[in-house]
Amino acid sequence: MAKLILHKLSKDYGTGRPAVSDVSLTIREGGFLALLGPSGCGKTTVLRMVAGFETPSDGSILLGERVLADAERVVPPERRNMAMVFQSYALWPHMSVADNVGYPLKVRGITVERYREKVVEALKAVRLESYAERRPADLSGGQRQRVALARCLVTSPDVVLLDEPLANLDRHLRQEMEETFREFHQRSGATMIYVTHDQAEAMALATDVAVMSEGRLLQVAPPAEIYARPEGRLVGGLIGQGAILSLPAKESPDRVLGWDDLRAMLAGSPTPSGAEPRMDVLVRPQDVVLGGEGIAAKVEGVLYEGERYALRLAIADGQILRAYSRAPCSPGDTLSITITAGWRL
Amino acid sequence: MAKLILHKLSKDYGTGRPAVSDVSLTIREGGFLALLGPSGCGKTTVLRMVAGFETPSDGSILLGERVLADAERVVPPERRNMAMVFQSYALWPHMSVADNVGYPLKVRGITVERYREKVVEALKAVRLESYAERRPADLSGGQRQRVALARCLVTSPDVVLLDEPLANLDRHLRQEMEETFREFHQRSGATMIYVTHDQAEAMALATDVAVMSEGRLLQVAPPAEIYARPEGRLVGGLIGQGAILSLPAKESPDRVLGWDDLRAMLAGSPTPSGAEPRMDVLVRPQDVVLGGEGIAAKVEGVLYEGERYALRLAIADGQILRAYSRAPCSPGDTLSITITAGWRL
Amino acid sequence: ANLVLYTSQPNEDAQATVDGFMAANPDIKVDWVRDGTPKIMAKLMAEIEAGNPAADLLLIADTVTLQRMKEAGQLMAYRSPEAANYDASLYDADGAYYSTKLITTGIMYNTAAAMKPTSWADLAKPEAKGLVAMPSPLTSGAALIHAQTLAGVPSLGWDYYKALQANGAVAAGGNGAVLKSVASGEKAYGVVVDYMPIREKAKGAPVEFVFPTEGVSAVTEPVAILSTSKNAEAAKKFVDYVLSEKGQEGFLKLGYIPARNGMPVPEGFPARDTIKVLPIDAAAALKATEDDLKTFSGIFGTN
Amino acid sequence: MAYHSAKGNSQPRWLFPFIVVTVACLCVLPLLRLLVAGFSSVLSGRALALLGEPAVWTAAYNTLTTSFLGMIVAVAIGGLFALALTLADVRGKWVLSFLFMLPTMIPPQVQALAWVGMSGPSSPLLKALGLAPPIGSAQPLYSIGGIALLYGVQHSPLVYLSLRAGLLSLPRDGIEAAKLAGASPWRVLKDIILPLSLPGIIAGAAIAFVSGVGNFGIPAILGLPAQIYTLPTLIYSRLASFGGGTFGDIAVLSAMIGVMAVAGLQIQELALRGRDYRVIGLSGAAATFRLGRLRAPLELLLWALLFVMLIAPFVALVSASLVPAYGVVLSLKTASFSAYEEVLFRQTATRTAFGNSIFLAGTTAIGLLMIGVLTGYALTRGSRRVAAWLSAMIEIPYALPGIVISVAFVLVFAAPIPLLGVTIYGTIWIILVAYLSSFFAVGLKPIVSALRQLDPALEEAARLSGAGFYRRLFDIIVPLIAPAAGAAMILVFLISCNELTVSALLWSAGTQTLGVAIYNLDDSGSYDLASALSVLVVVMVVVLMLLLELMAARLPKGVVPWRN
Ligand SMILES: Nc1ncnc2c1ncn2[C@@H]1O[C@H](COP(=O)(O)OP(=O)(O)OP(=O)(O)O)[C@@H](O)[C@H]1O
Ligand SMILES: Nc1ncnc2c1ncn2[C@@H]1O[C@H](COP(=O)(O)OP(=O)(O)OP(=O)(O)O)[C@@H](O)[C@H]1O
Ligand SMILES: [Mg+2]
Ligand SMILES: [Mg+2]
């Protein structure tokens, strides 16, 4: 195992818009990278290039010293010792669940007992022991996804590519599977790339989080870092449920803003004239405290989330904030809020 | 539009285990039912019976006075005026995105302008205007899901069936789509059944939440009700991120337990002997308050979630609790906790 | 309704015959269907089985088949005035069928072949080992008659066939296949009906035809009216026409030896009286057919 | 108002009865009539005597071995072309697959003769190389192996077409998943591609096998010289000696062929049973393999095969049409176009034959497309047991030699149809009906195998969109199985275009077909004319295929098999 290096990777399907452009990224040996980004931003395409299904239009991919793909040559997927969970599962309809899972082992040619043992183990890990003889067509969506998962983890690949592997699973299974990934990762030391739409998942699992948008890489950082210090509106908007306020620009070495700063800035801009320079400030809902003496905000929308209510609040100049409340409130109410922290993007 | 009634619905695929058994459920006119349950519990099967793809092994389905399916006869799907987002999307590979979306309109035979207008509108709603001429094979996973969504909402169906329609979308799009559903629901008054694994989604959208497990219906109630008053371990474990404690039974008319009750019960059972009667108490993480004088708990696991840390805590007798902490802490730390509320299951 | 003729004559010949007849009888229209004897018979038999035969007239290769039909009562007896000009052995005494021409079976050889055969016996010589092709009686009516004829010649008989078999001769397919096989040089010698190699030679093919010294067998391409014919009168006119001098001249022009007495032979043929035609009795031949086929198959290992 | 059905599927009520009636009329009725005709002799014990003849069993054995070996050759060649042209990055796919359609178009007897010519003492090729065997040498093609080889050559396009449709619906991601699992291209082929396209392979193999069982032209030319009889040639020779028991014999021999066909079908069913080929989710992205260094050798192999299968026989055909007599060496001096002149301008019959054959082939192809789609749908959606029975009934007429089918149809239709009082015997319609019966299986097989691979959710989504049976048939199902439907149509068209033995007994004045015309010319010794007409038929088919190519843009994707 070694570092996985993507160097100025681009892919154009010939549709006018490149699906991936100029992505450079290094995943350290045994790293666990979560790839986040809006639908259609090129995540799957990156995985497909790493796996070897698509030839990069430009750039190269290296695993340690070994060139996997560049302008001249491409190592075919079957020589890359990687494993992948496909977004579409890609199960083989003519094989039983057990055969699907065991196929990568069969190709590697191991003894019959070892084979059986490993397949059973993998099926246990995804709670499908009793479905071994079924055909994929007779499984539910989540069960299919779990078969794909088991197939991916049954061997000892150098690199594991996971394309939304838990999208169809319920919370319990999801947690269990996350646990399985974590264990697998620790045990095998494989480098993992994990595409997900679920930030919580990304934060919980990954050693690094990469955010893409429209084919470009916006930021790569460890989870706590990317949460605390997102770069740019896009990353800021994507990570955490924050709202972005546009406030009068203020020179300050510190990008973390406290209530005092924010209050001053909010007060300074009752009606933005457009001429003065402005800056974007990310405010996370947990940093919006209801009650206390602060500024007034009107409740625009209330969503029940079980644990709490997610509020959409409009402040004086019409900008929107998000906040949580454990007590129900109704649209139209006016609350007094303070903002304990903001982040200059 | 009228009430949708499932009466003692059962389905056995002949695998020994019935996929759905004895589900009775009434969805009021224009209701929005979220169907929750672990993978493989029979959610898709219920939808398929409502749509008319599977004949119930037993029981009947009524829309108002009209019998859709019972032992004798079945109204074929094309006469049911329903729409569905399939878990596998079921897009037609030979048609462009626009044709896929417009097909239900074309079948209904409307004027060309109306048709074009409606298709454009539907594509706009899912942010795919510029993909109208693509083939589904050239789309990303999330884009395909959105095409399926647009196709589902393009007509005015009486009943809309959504099988994990947002599983492959990022948070932003998800929120937008939720908004779209809500609007669509209000505008069309259609009865909707929504299968999801995401509780927050279910709580936010639905007028009623139904929880299934192993083919059986466990509980149906409005979101707040089911969150606050879950029935049984299964529902309790599934709704909210709560932990379930097994505590000495205590006669009490009130199922909501306060800290005083809980402290007494926890103190009363340092080592459960097994003989005494016990009861299950659901404790939600937001009700576990760190600090203050309470009982001791050891941190077993910490997961970073961005906004906060999710802790797994072990109390004196080894039982597990979940809690949130905004400050990081490490496994092995001992904390003092109080439990502000519990729910007797 | 039009007169319907089922025939096994080659296309052009059939067309020419019909054209000649229609020119002589402008008020009668003739539709004709042509196919190999086995197929045309299969068709006719199926029609008869279904109770609605379409044909009025038959003009096919051999008398044996017609003899069988006559015995089954499927042919109409008609005494044609033209019969007087024919040898009595060339028509049925009851008038069920009349021979129209002589098609003899002799020997052809590729001009590249080492030996120039002159008699049937030559084909059993070592020079011809493995080089002889002949049509199978199972496929060709003419070949069946040929086998039955030769078997009846004392100097040849079935022993001759055994000798041929031992000499590596093959019996397969029809006359056309033999022609191709010899013309292409795959085999050197073939047993074949006369007009084929004579015509091909005229077109430049490297083949020769000989009338062996022992004599040749002949089929006579008889014409007959079906008992079910709904156009009996017109059909009779057709029979009269083909037997008439005019009709016979037509065959002559096509390159066949006319059956009628006193007619010349086509170009490329020796004079009629130098061709020794070996005799055969249709009724006897018919009776022996099954046995003969078995004998033949026994020798050549076909079924 | 509400339309109710017991099963929840909305096949129109008439569909199943319609299928049953169609199958009964086209397939069961003629066969029954034949059996009835042969019944007396079957009863009289002649049948037993027949079955006691070792020759019959030898012929049956020969039929089985030649057809089976021929099937293997056809699957090997057709499979190679299908895989190479649909999955690999071979250059010149268009030309290769276009040309590969044509060997079916060369009449079997012509194909056989050309091969004999190519390898025999008179082979121009071998002569030129100085390798020609001496006159009279044994011809290696006159053997079981030779017959099988030519069956394979003749029938490989059938396999190609039916397999291609299956390969086109392979899910790309499934193949990718296998590659990533570490499987080499060969393993992917063996473990994923072949099993998933099994319905197509088996359908193609079955067509190839059954075509061999019923073939007459090839064993007639290659088998008879070596005394190798197959059931069709045996039947033919029985017909030649038309005795009292002929119908009985034909009925018994036909029954033997029928048993073979049904047994073949059973094996096919068995091979497909208990498996699932429904591709889950979206397919539509085609998989490709990069061949790298193997590409050039593979291309060479494909062209070499094409040369031997098509170009060499075709050249033989052309040269035969240019010389005045068989055996004359072609040179500038001997060459002449008089044969073409004769065929095109002097013989009115051949012009009628062109018209008749195009009409018959076109109508049969379109008719069987419609019947085939409906039947395929009913068969794949209905009960498996009934489906097996119906498929068997549909299969038998194709397996029977054309001459048997035509005898059966004469038996049925020679008399006016009861109740209606019209006679179709003697008109072109009886040939059409016989074609529909005879080629039903060819048209149906690719369609059934494509329907087997279809994800049911795609049709379900259409139903929920409100599309009734016809709507979704035209909008969803037919376009989705377009490659198979196109293959079926083209197969049927090609086969019926140069069909000979069915029409041989059914034609009458004015309704001769091209096959009949060629045969008659050939049979009466006009090889030059026969060859010229065969060349013209091939040219006509090429022209029709080019016309199809012009329309391709307006047809559903994949219908035209040489387009990618
Ligand atoms: N065609 C079938 N044949 C046999 N069993 C089936 C078939 N389809 C589904 N099942 C089984 O029925 C049960 C219920 O399946 P269903 O698809 O309804 O689950 P689900 O609740 O939708 O699950 P998921 O959330 O994973 O999609 C599962 O155990 C599944 O394996
Ligand atoms: N085969 C293809 N041909 C043309 N365009 C394609 C093809 N596959 C993907 N694209 C386009 O490339 C872009 C990136 O696609 P990709 O599948 O990588 O997105 P993604 O990030 O995985 O999205 P999602 O989260 O929705 O799965 C999309 O706009 C998509 O439409
Ligand atoms: Mg993706
Ligand atoms: Mg499901």
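The values are calculated or read from the model by the stated rules, or taken from the named source; none is laboratory data. Keep in mind that this is a model prediction, so the values were computed, not measured. Cβ placement follows ideal geometry from the backbone for every residue including glycine, while neighbour counts extend to all protein chains displayed. Ligands, DNA and RNA are stripped out before the accessible areas are found, and what is left, the full protein with its side chains, is counted by its heavy atoms. Shrake-Rupley method; radii C 1.70, N 1.55, O 1.52, S 1.80 Å.
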- [ ] Look at region B:31-78 and say how many of its residues are at positive phi and either within 11 Å of another protein chain (Cβ to nearest Cβ) or within 16 Å of ligand 4 (Cβ to nearest atom) (or both).
- [x] 4
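Yes or no, residue by residue, for (1) of a type in the set (A, V, I, L, M, F, W, C); (2) under 30 Å from C:Val170 (Cα atoms); (3) at pLDDT below 75:
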{"position": "D:Pro185", "(1), (2), (3)": "no, no, no"}
{"position": "D:Leu189", "(1), (2), (3)": "yes, no, no"}
{"position": "D:Ser197", "(1), (2), (3)": "no, no, no"}
{"position": "D:Pro225", "(1), (2), (3)": "no, yes, yes"}
{"position": "D:Tyr229", "(1), (2), (3)": "no, yes, no"}
{"position": "D:Arg238", "(1), (2), (3)": "no, yes, yes"}
{"position": "D:Gly245", "(1), (2), (3)": "no, yes, yes"}
{"position": "D:Gln268", "(1), (2), (3)": "no, no, no"}
{"position": "D:Gly274", "(1), (2), (3)": "no, no, yes"}
Task: Wholly enclosed helices (runs of 4 or more DSSP H) of region D:458-564 bearing at least 2 residues basic (Lys, Arg) and in contact with a helix residue (DSSP H, G or I) (Cβ under 8 Å, 6 or more places away or on another chain) - done: D:469-472
Open item on the list: Looking at (1) open to solvent by 50 Å² or more (accessible area, probe 1.4 Å); (2) within 24 Å of the chain's Cα centre (by Cα); (3) β-branched (Val, Ile, Thr), which one does B:Val154 not meet, given that it meets all the others?
Closed with: (1)
- [ ] Tally the residues that are open to solvent by 20 Å² or more (accessible area, probe 1.4 Å) and either within 15 Å of ligand 3 (Cβ to nearest atom) or outside the structural domain of B:Arg187 (by TED's automatic domain parsing) (or both), restricting the search to region B:121-133.
- [x] 1
Open item on the list: Regarding region A:313-330, can at least one residue be identified that is touching a residue at least 60 places away in the same chain (Cβ under 8 Å), of a type outside the set (Phe, Trp, Tyr) and assigned to a loop (DSSP other than H, G, I, E, B)?
Closed with: yes
Open item on the list: Testing B:Ala167 on (1) away from ligand 4 (no atom under 16 Å from the Cβ); (2) open to solvent by 10 Å² or more (accessible area, probe 1.4 Å), one condition comes back false. Which one is that?
Closed with: (1)
- [ ] May I ask you to verify whether A:Ala137 is away from ligand 2 (no atom under 16 Å from the Cβ) and away from every other protein chain (no Cβ under 12 Å)?
- [x] no
Open item on the list: Can you confirm whether C:Val182 is more than 23 Å from C:Thr220 (Cβ to Cβ) and open to solvent by less than 10 Å² (accessible area, probe 1.4 Å)?
Closed with: yes
TODO: Just give me the residues in region D:196-235 being open to solvent by 20 Å² or more (accessible area, probe 1.4 Å) and within 29 Å of D:Ala482 (Cα to Cα), in sequence order.
DONE: D:Leu198, D:Ile201, D:Ile202, D:Phe209
Open item on the list: Go through (1) facing another protein chain (nearest Cβ under 8 Å); (2) open to solvent by less than 40 Å² (accessible area, probe 1.4 Å); (3) assigned to a helix (DSSP H, G or I) for B:Arg144 and report which single condition fails.
Closed with: (2)
- [ ] Could you look through region C:255-277, keep only residues that are of a type in the set (A, V, I, L, M, F, W, C) and surrounded by fewer than 19 Cβ atoms within 10 Å (Cβ to Cβ), and pick out the one that is nearest to the other protein chains (Cβ to nearest Cβ)?
- [x] C:Val265
TODO: Filter region D:76-135 down to residues that are in a loop (DSSP other than H, G, I, E, B) and modelled with pLDDT of 80 or more and give me whichever is farthest from D:Asn498 (Cα to Cα).
DONE: D:Asp89
Open item on the list: For A:Gln219, only one of the following conditions fails: (1) on the phi > 0 side of the Ramachandran plot; (2) more than 12 Å from chain B (Cβ to nearest Cβ); (3) not hydroxyl-bearing (Ser, Thr, Tyr). What is its number?
Closed with: (1)
Open item on the list: Residues to consider are A:Val101, A:Val112, A:Val97; find the one that is at pLDDT 90 or above, in the same structural domain as A:Glu179 (by TED's automatic domain parsing) and open to solvent by 70 Å² or more (accessible area, probe 1.4 Å).
Closed with: A:Val112
Open item on the list: For the structure I just gave you, tell me whether C:Lys230 is farther than 23 Å from C:Thr149 by Cα, in contact with an Asp or Glu (Cβ under 9 Å, 6 or more places away or on another chain) and either open to solvent by 10 Å² or more (accessible area, probe 1.4 Å) or part of a strand (DSSP E or B) (or both).
Closed with: yes
Task: Subset of region D:395-423 (residues that are β-branched (Val, Ile, Thr) and open to solvent by 30 Å² or more (accessible area, probe 1.4 Å)) - done: D:Val412, D:Ile417, D:Val422, D:Thr423
TODO: For residues that are under 26 Å from C:Val182 (Cβ atoms), modelled with pLDDT under 80 and buried (at least 18 other Cβ atoms within 10 Å of the Cβ), tally how many sit in region D:324-356.
DONE: 4
Open item on the list: Please count how many residues of region C:54-63 are facing another protein chain (nearest Cβ under 10 Å) and either surrounded by 24 or more Cβ atoms within 10 Å (Cβ to Cβ) or polar (S, T, N, Q) (or both).
Closed with: 1
Task: strands (runs of 3 or more DSSP E) fully within region A:23-133 counting 2 or more residues that are over 30 Å from A:Ala204 (Cα atoms) and within 16 Å of ligand 2 (Cβ to nearest atom) - done: A:58-63
- [ ] State the number of residues belonging to region C:90-112 that are open to solvent by 10 Å² or more (accessible area, probe 1.4 Å) and not in a strand (DSSP E or B).
- [x] 6
Open item on the list: So for region D:458-467 (the condition being open to solvent by 20 Å² or more (accessible area, probe 1.4 Å) and at negative phi), does at least one residue qualify?
Closed with: yes
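Residues are listed down the side, and each one gets a yes or a no for (1) under 19 Å from the mean Cα position of the chain (by Cα); (2) open to solvent by 20 Å² or more (accessible area, probe 1.4 Å); (3) charged (D, E, K, R); (4) within 22 Å of B:Met177 (Cα to Cα):
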site: B:Lys8; (1), (2), (3), (4): no, yes, yes, no
site: B:Val20; (1), (2), (3), (4): yes, no, no, no
site: B:Gly31; (1), (2), (3), (4): yes, no, no, yes
site: B:Thr45; (1), (2), (3), (4): yes, no, no, no
site: B:Gly52; (1), (2), (3), (4): no, no, no, no
site: B:Val85; (1), (2), (3), (4): yes, no, no, yes
site: B:Leu105; (1), (2), (3), (4): no, no, no, yes
Task: Residue within region C:137-145 that is among the β-branched types (Val, Ile, Thr) and under 20 Å from the mean Cα position of the chain (by Cα) present - done: yes
